[in-house]
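Below: one structure, written as structure tokens.
Read-outs throughout are calculated quantities, based only on the coordinates presented, and are distinct from any laboratory measurement. Everything numeric here is computed off the predicted structure, so don't read it as measured data. Here Cβ is always computed from backbone atoms with ideal geometry, including for glycine, and neighbour counts include all displayed protein chains.
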Amino acid sequence: MVKQYTIEAAYSSNTRVNMYEDGILTNSKIVSDWNLLGYLDSIEDEGYEKAYDIRQYKNALKEAEERYNEAKEALERVMKNPLIGSNKEE
């Protein structure tokens with residue numbers, strides 16, 4: 001049996017810990033940030049290993065690429081007619 005957990009922000013000063021067994025969500029706890037390290041130590045003692053939700057990171061990357069492309073397009077538009085002296089590097 002493969003035991004894994006993921007962590008994500010829940011709300012102010014709290015973290016959600018999701019626990020999976022063989023890829024199936026079996027438990028979800030909201031833990032105070034003050035108690036998080038101790039809680040993670042205890043579930044690791046039970047055989048859980050930290051895992052990462054690849055979809056979450058792919059979505060974040062896609063959103064960052066979209067923001068980058070929008071900013072690049074905006075820069076290319078304004079470079080056609082910049083304010084005199086404003087294109088100097090700071």
Take residue 57 and decide whether it is free of Cβ contacts under 8 Å to residues at least 60 places away in the same chain and touching a strand residue (DSSP E or B) at 6+ places or on another chain (Cβ under 7 Å). no
Are any residues in the range 31-79 closer than 23 Å to residue 14 by Cα and of a type in the set (D, E, K, R), and if so, which ones? 33, 41, 44, 45, 46, 49, 50, 53, 55
Of the numbered conditions (1) exposed (fewer than 10 other Cβ atoms within 10 Å of the Cβ); (2) in a loop (DSSP other than H, G, I, E, B), residue 77 satisfies every one except a single condition; which is it? (2)
Listed residues 58, 72; which is under 16 Å from the mean Cα position of the chain (by Cα) and assigned to a helix (DSSP H, G or I)? 58
Can you name the residue in the range 35-49 that is surrounded by fewer than 12 Cβ atoms within 10 Å (Cβ to Cβ) and touching a residue at least 12 places away in the same chain (Cβ under 8 Å) and is also nearest to residue 17 (Cα to Cα) among such residues? 49
Of everything in the range 21-33, what is part of a loop (DSSP other than H, G, I, E, B) and surrounded by 10 or more Cβ atoms within 10 Å (Cβ to Cβ)? Give them in sequence order. 33
